[in-house]
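Chemist: This is the structure I want to talk about, given as structure tokens.
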Amino acid sequence: MSERYSSFEPGGRRWLWQRVTAAFLVVVLAFHFFLLHFVHHADEVTFAMSAGRMETLSYYSLMVLFLLTATFHGVNGVYNALVNTGLSGRQRTAVKWTLVVASVVLIVQGIRTANAWAGISLV
Amino acid sequence: MSQSYNRGLVEDFGRWREFSAGMWAWVFHKFTGWVLVGYLFTHIAVLSTALSGPAAYTGTIRTLEGLLVVRVLEVGLLAVAVFHILNGCRLLLVDLGVGLERQDVSFYASLILTGAIVVASVPTFLAGVSL
Amino acid sequence: MSTQLPQEPETESEPETDAETGSQQARRMREKAERRERTRTEETPDLSDEETRVIKVFRYDPEVPEKQEPRFDEFHVPFEKGTTVLDALIYARDTYDSSLTFRHSCRQAVCGSDALFINGSQRLGCQTQLGDLDEPVRVEPLPHQDVVKDLVVDMDHFYEQMHAVDPFFDPDETPADPMVEQSQTRANREKIKTSTRCIWCGACMSSCNVAAGNNDYLGPAAINKAYRFAMDEREGSEKKRERLEIIERENGVWRCQTQFSCTNVCPKDIPLTEHIQALKREAVKENLKFW
């Protein structure tokens, strides 16, 4: 009877990654808020200051990693929430690929923005 | 057993008054999660005005930050983020099997702490904005 | 703490002879006989000189036209310290409406047949004191399961899930001498102790929001059953691997959202969420070995 509950996708890996990214994001999100609202203030934002931070390699790579983990954590969370409502079959496949495409667009756009500040031009 | 009666969804969220701590924690975590992922997309969209040059970026951010509505929404965002972080820590502990008997206490603690942090941050978040 | 006796014609023995012994049993028999006598003579018993409570009971019967539309019936039942919800239901059935249908058997929280939705929470009727509840006490069948009649729900799906985890002991090797015990260390016994208490009442499953939305989710009771065997050191390694494979499939442990609803309602105080979490970690560890 257990076959009924079978599937080719064991959820364990995504479950673990959701936790790993969570542990990372707890720290980085707190840092992000602190830096951009308490150290620097919302009404003082300028392109030059953002650029100044992004030109540092450590800050740039931290922000890119932040973007990647946040996107995974967020989009995977949305997917899980939808799957928990009993989504299956073609609907689930459609949702999955829509979310993958949205994530890719988000990451590409985010990195392009970071590059604009850091002065990196790929093309 | 030819027929049976299905009571439908009334049994779920229609019963919200009877939810316990763990259930509320889940509801809030889901809700704040949706808000945060929505904000992530908006955030990148706004920041990518930097692609159109320094003036466009600085102008956009200054305009937005000059609006009281935006500042108030930012306080809301802080509340949502802080709760998600604190309850997230609670959930990580639950996943590690630590303190499961005290999970309701840790939920209330994260609520109270969120409230305290948000209230304490209001002056900073509303600084430099004119009505 | 039940004050009722099974309603069988044979038990209508002479109360006078029993009274001579002065035992509790005899007193109850006499009260029962008096009550039955009263019911026979008048339509509704006079409870004006007794302390009473009001219960509102869910009624539904697809085979009776008047009961096809679900409704709540009110019953006034006598109350004394120790009266349980099950006692109240039995009184209501025996006194007012013999068609009132509900499952019950042992009346001491062992058989697991009277899990009900009482005042908005899944509880065992026999374990819930009427005195602890706000009036009127609402008694409904378990949510998220189809109602067959009155308080009786269809448990087939629940049993099917319990069987899906292969709930039986399967060691790799058994002692050659059949007289030798297959003993377990004390520490290991402690580890699985609470998980063995499950009485298959279905309260946890009914309280689970995820199981409600997704019928394929194994649910807390079945996962707890898997825990009971997977964590038993005497379980065969091959069987344990198979079992972990069942529970770590997509609709196994990963669906659990740690809402703690099941743990809150379990009448046997099994830390269900803790067991589900332990199996998640066990499955992750198992997978990491293969990476």
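Chemist: Using only Cα atoms, tell me the angle between helix C:220-230 and the longest principal axis of chain C; keep it within 0 to 90° and round to the nearest 10.
Modeler: 50 degrees
Chemist: Right, another one. Could you tell me the total accessible area buried at the A-B interface, probe 1.4 Å, in square angstrom to the nearest hundred?
Modeler: Using a 1.4 Å probe, the pair buries roughly 2900 Å².
Chemist: Give me the distance in nm between label points sitting 7 Å out from Cα along the Cα-to-Cβ direction at B:Ala109 and C:Asn215, one decimal.
Modeler: Here the modelled spin labels are 4.2 nm apart.
Chemist: Oh, and also: Along the charge dipole of the protein assembly as shown, which of A:Val64, B:Trp34, C:Cys111 sits closest to the positive end, that is, farthest toward it, with unit charges on the beta carbon of Lys, Arg, Asp and Glu (+1, +1, -1, -1)?
Modeler: Of the listed residues, the answer is A:Val64.
Chemist: Efficiency by 1/(1 + (r/R0)^6): what FRET value for C:Tyr159 and C:Lys81, r their Cβ-Cβ distance, R0 = 25 Å, to the nearest 0.05?
Modeler: 0.10
Chemist: For peptide C:271-283, how many partner chain Cβ atoms fall within 10 Å of a residue's Cβ, on average?
Modeler: On the way: counts 3, 0, 5, 5, 2, 0, 6, 1, 0, 7, 4, 0, 5.
Average per residue, whole number: 3.
Chemist: Treating only the Cβ of Lys, Arg, Asp and Glu as charged (+1, +1, -1, -1), what charge dipole size does the protein assembly as shown show about its Cα centre? Round to the nearest 20 debye.
Modeler: Once rounded to the nearest 20, the dipole reads 2940 debye.
Chemist: Shape call for chain B from the C-alpha gyration tensor, a ≥ b ≥ c root eigenvalues: rounded (a/c under 1.5), prolate (a/b greater than b/c) or oblate?
Modeler: Prolate.
Chemist: Count, for each residue of B:33-45, the Cβ atoms from other chains sitting within 10 Å of its Cβ, then give me the mean as a whole number. Provide the component values of the computation, followed by the final result.
Modeler: Details: counts 6, 4, 0, 6, 11, 2, 1, 8, 8, 0, 4, 12, 4.
So the per-residue partner count for this stretch is 5.
Chemist: Could you give the nm distance between label points at C:Val180 and C:Ser237, where each point is 7 Å from its Cα heading toward the beta carbon?
Modeler: 1.9 nm
Chemist: Please give the FRET efficiency for C:Gln24 paired with C:Thr52, using the beta carbon to beta carbon distance and R0 = 25 Å, rounded to the nearest 0.05.
Modeler: E(calc), rounded to 0.05, equals 0.65.
Chemist: Separate question: So what's the angle, to the nearest 10 degrees on a 0 to 90 scale, between helix C:85-95 and the longest Cα principal axis of chain C?
Modeler: Roughly 40 degrees between the two axes.
Chemist: Enter the buried accessible area of the B/C pair, total of both sides, probe 1.4 Å, in Å² rounded to the nearest 100.
Modeler: So the total buried area for this chain pair works out to about 2300 Å².
Chemist: Compute the helix-to-body angle for A:57-84: its Cα long axis versus the longest principal axis of chain A, expressed 0 to 90° and rounded to tens.
Modeler: Between the helix axis and the principal axis of chain A, the angle is about 30 degrees.
Chemist: Based on the alpha carbons, how large is the Rg to Rh ratio for segment A:11-118 when Rh follows Kirkwood? Walk me through the numbers on the way to the answer.
Modeler: Numbers: Rg = 16.6 Å, Rh = 15.7 Å.
Rg/Rh for segment A:11-118 comes to 1.06.
Chemist: Something else: At a probe of 1.4 Å, how much accessible area disappears from chains A and C on forming the pair, both sides counted, to the nearest 100 Å²?
Modeler: 2000 Å²
Chemist: Report the relative contact order of chain C, percent, no decimals, based on alpha-carbon pairs under 8 angstrom and at least 6 residues apart.
Modeler: Reported as a whole number, the value is 15 percent.
Chemist: Next up: Size of segment C:45-153 along its principal axes in angstrom, Cα-based, largest extent first?
Modeler: Cα spread of segment C:45-153 along its principal axes, largest to smallest: 37, 32, 23 Å.
Chemist: Could you point to the residue in C:Val57, A:Gly74, B:Phe83 farthest towards the positive end of the protein assembly as shown's charge dipole, with +1 and -1 charges on the Cβ of Lys/Arg and Asp/Glu respectively?
Modeler: Value: A:Gly74.
Chemist: Between C:Arg189 and B:His43, take the C-beta separation as r, use R0 = 60 Å, and let me know the FRET efficiency to the nearest 0.05. Working shown, then result.
Modeler: Details: r = 53 Å, r/R0 = 0.89.
My answer for the efficiency is 0.65.
Chemist: Quick one: with all protein chains in place, what share of the accessible area of segment C:107-218 is carbon or sulfur, to the nearest percent (1.4 Å probe)? Mind showing how you got there, number by number?
Modeler: On the way: 2300 of 5090 Å².
With neighbouring chains kept in place, the figure for segment C:107-218 is 45 percent.
Chemist: Over the Cα atoms of the protein assembly as shown, how large are the radius of gyration and the largest Cα-Cα distance (Dmax), in Å?
Modeler: Rg and Dmax of the protein assembly as shown, Cα atoms, are 29.9, 105 Å.
Chemist: Please identify the cysteines of chain C that lack any partner cysteine with a Cβ under 4.7 Å from their own Cβ.
Modeler: Result for chain C is C:Cys126, C:Cys198, C:Cys201, C:Cys208, C:Cys256, C:Cys266, no neighbouring Cys Cβ within the cutoff.
Chemist: Solvent-accessible area per residue for segment C:42-192 at a 1.4 Å probe radius, Å²?
Modeler: In whole numbers, segment C:42-192 has 50 Å² accessible per residue.
Chemist: Can you give me the span-like helices of chain B, meaning DSSP H runs with 30 Å or more of Cα extent along the axis and Kyte-Doolittle mean at or above -0.5?
Modeler: B:21-47, B:68-95, B:103-126
Chemist: Please report the accessible area of B:Trp24 (heavy atoms, 1.4 Å probe, ligands and nucleic acids excluded) in Å², nearest 10.
Modeler: 70 Å²
Chemist: Can you pull the mean other chain C-beta count within 10 Å for peptide C:203-210?
Modeler: 2
Chemist: Please compute the contact order of chain B in relative form: average sequence separation of alpha-carbon pairs under 8 Å and at least six residues apart, divided by the residue count, as a percent.
Modeler: Relative contact order, chain B: 32 percent.
Chemist: Over all alpha-carbon pairs of chain C, lay out the pair-distance distribution in 5 Å bins, whole %, shortest bin first.
Modeler: Computed distribution, short to long bins: 1, 5, 10, 13, 14, 13, 11, 9, 8, 7, 5, 3, 1, 0, 0, 0.
Chemist: Oh, and also: Once you sort the root eigenvalues of the Cα gyration tensor of segment C:107-237 as a ≥ b ≥ c, which label holds: rounded (a/c under 1.5), prolate (a/b larger than b/c) or oblate (the other case)?
Modeler: prolate
The values are calculated or read from the model by the stated rules, or taken from the named source; none is laboratory data. Source: prediction; values computed, not measured. Please note: Cβ atoms are built from the backbone with ideal geometry, for glycine as well, and neighbour counts cover all protein chains shown. What goes into the accessible areas is simple: the full protein's heavy atoms, side chains included, and nothing from ligands, DNA or RNA. Shrake-Rupley method; radii C 1.70, N 1.55, O 1.52, S 1.80 Å.
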